[in-house]
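Structure first, commentary second.
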Amino acid sequence: MSDITQLCYPRMSMAEASFRWETLKTQPLHVIASEVDVHGASGEFYPLARRRATPDDLSALRAKIVNVASEFGYPSSIRGRRLTEFDRAVGPVVHQQMAIMPVDASSTEVWNYINTILVPDIVLWRYGRFDDISGRWTISVDRLFDLTRTAIGRLWWRIQLLGEDVSARLGEDEVVQLLERPRIGGYAPLARAIGGLHLRYVSDDEAIPRMEIFRDVNKRLLRRMAVQSVYVMSAAQIEEFVDALYQESMAAVLGVGTSPRISSAID
């Protein structure tokens, strides 16, 4: 995507967002949804922002997210696998619709604005719990303000770093383990190589302990990265490097050798 088509998004400080959430947590979901107003809401852009998201851009983004949520039962509450399925469905939609500059997506304040002004009802529907006795919502602050765990931002970054196919096929625990390690998951060529190779080595055999292999590979990778930089490698070199780690890990965990690579995981 060229710079011409990429957008910069409005921002909201942590103090402003925290203050706003104190009010939102006392309101029923239908009231929160009815009071969303992207045209009347204020938001600051960073000073050198070139093409800024307009109220129409923001309205279109909200409509897309709400449409996906509605397919999964919004505003009625859902539980279990349906929540994860919603994440997998809405992530690519958010990534495509936002067309946000990655440097802008690195700002927690951007996601503060998205969570607090644009889709607070969806955030609470997905992660909140409403207590009828106290008349308040409870929600983890990580889902509001932590860049790696924030409700909407983490889904955008998942697609940005892993790609749509790998993101859809990895297990939720595997994605979390990968992306919450910034040295590994924060570098897209490395994250995609790990995700693609992991799926190739473990996805076809239910007897293989997926998470044990995944953890072992990451431990080996971190030890190697202490003396060898992956950031100077080409994509092909990174894949070869990670593939060797998987072969070592499969042999160590399962006690057997592995067959040679047949095709590239990142082709």
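Mind counting the residues in segment 45-99 that are of a type in the set (Val, Ile, Thr), more than 17 Å from residue 114 (Cβ to Cβ) and out of contact with any helix residue (DSSP H, G or I) (no Cβ under 7 Å at 6 or more places or on another chain)?
At the first step, the residues of segment 45-99 found to be of a type in the set (Val, Ile, Thr) are 54, 65-66, 68, 78, 84, 90, 93-94.
With the extra rule that they be more than 17 Å from residue 114 (Cβ to Cβ), the set shrinks to 78, 84.
From what's left, out of contact with any helix residue (DSSP H, G or I) (no Cβ under 7 Å at 6 or more places or on another chain): 78.
Number of matching residues: 1.
Quick check on segment 109-119. Is at least one of its residues open to solvent by less than 30 Å² (accessible area, probe 1.4 Å) and over 18 Å from the mean Cα position of the chain (by Cα)?
yes
Looking at 202, 232 in this structure, which one is open to solvent by less than 40 Å² (accessible area, probe 1.4 Å) and among the hydrophobic types (A, V, I, L, M, F, W, C)?
Just a single option satisfies the conditions, and that option is 202.
Considering segment 209-242 alone, what residues qualify as being over 24 Å from residue 172 (Cα atoms) and either within 23 Å of the chain's Cα centre (by Cα) or not in a helix (DSSP H, G or I) (or both)?
226, 227, 228, 229, 230, 231, 232, 233, 234, 235
Among the residues of segment 3-32, how many are within 24 Å of residue 99 (Cβ to Cβ) and either open to solvent by 60 Å² or more (accessible area, probe 1.4 Å) or of a type in the set (Lys, Arg) (or both)?
Residues in segment 3-32 being within 24 Å of residue 99 (Cβ to Cβ) and either open to solvent by 60 Å² or more (accessible area, probe 1.4 Å) or of a type in the set (Lys, Arg) (or both): 4 in total.
Can you name every residue in segment 52-84 that is among the charged types (D, E, K, R), within 23 Å of residue 129 (Cα to Cα) and either in contact with a strand residue (DSSP E or B) (Cβ under 6 Å, 6 or more places away or on another chain) or part of a loop (DSSP other than H, G, I, E, B) (or both)?
Within segment 52-84, 79 is the sole residue that qualifies.
Can you say whether residue 178 is of a type in the set (A, V, I, L, M), closer than 28 Å to residue 87 by Cβ, open to solvent by less than 80 Å² (accessible area, probe 1.4 Å) and modelled with pLDDT under 95, as far as the supplied structure shows?
Spelling it out, residue 178 is indeed of a type in the set (A, V, I, L, M), closer than 28 Å to residue 87 by Cβ, open to solvent by less than 80 Å² (accessible area, probe 1.4 Å) and modelled with pLDDT under 95.
With respect to the numbered conditions (1) touching a Ser or Thr at 6+ places or on another chain (Cβ under 9 Å); (2) open to solvent by less than 30 Å² (accessible area, probe 1.4 Å); (3) within 16 Å of residue 154 (Cα to Cα), which one is the sole condition not fulfilled by residue 127?
It fails just one condition, (2).
Matching residues to (1) at pLDDT 95 or above; (2) hydrophobic (A, V, I, L, M, F, W, C); (3) closer than 26 Å to residue 165 by Cα; (4) open to solvent by 60 Å² or more (accessible area, probe 1.4 Å):
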residue	(1), (2), (3), (4)
34	yes, no, no, yes
38	no, yes, no, no
44	no, no, no, yes
49	no, yes, no, no
80	no, no, yes, no
86	yes, yes, yes, no
98	yes, yes, yes, no
104	no, no, yes, no
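When you scan segment 187-199, how many residues do you find that are among the hydroxyl-bearing types (Ser, Thr, Tyr) and open to solvent by less than 10 Å² (accessible area, probe 1.4 Å)?
Of the residues in segment 187-199, the ones among the hydroxyl-bearing types (Ser, Thr, Tyr) are 187.
With open to solvent by less than 10 Å² (accessible area, probe 1.4 Å) added as a condition, the list becomes none.
Result for segment 187-199: 0.
Got at least one residue in segment 158-168 being surrounded by fewer than 22 Cβ atoms within 10 Å (Cβ to Cβ), in contact (Cβ under 8 Å) with a residue 40 or more places away in the chain, under 22 Å from residue 240 (Cβ atoms) and not charged (D, E, K, R)?
no
Matching residues to (1) without any contact (Cβ under 8 Å) to a residue 24 or more places away in the chain; (2) over 16 Å from residue 125 (Cα atoms); (3) in a loop (DSSP other than H, G, I, E, B):
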{"position": "26", "(1), (2), (3)": "no, no, yes"}
{"position": "32", "(1), (2), (3)": "no, no, no"}
{"position": "37", "(1), (2), (3)": "yes, yes, yes"}
{"position": "40", "(1), (2), (3)": "yes, yes, yes"}
{"position": "46", "(1), (2), (3)": "no, yes, yes"}
{"position": "50", "(1), (2), (3)": "no, yes, yes"}
{"position": "113", "(1), (2), (3)": "no, yes, no"}
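The values are calculated or read from the model by the stated rules, or taken from the named source; none is laboratory data. Computed from a prediction, not measured in an experiment: that's the story for all the values here. Every residue, glycine as well, gets a Cβ built from its backbone with ideal geometry; the counts of neighbours run over all protein chains shown. Surface areas here come from the heavy atoms of the whole protein model, side chains and all, with no ligands, DNA or RNA. Shrake-Rupley method; radii C 1.70, N 1.55, O 1.52, S 1.80 Å.
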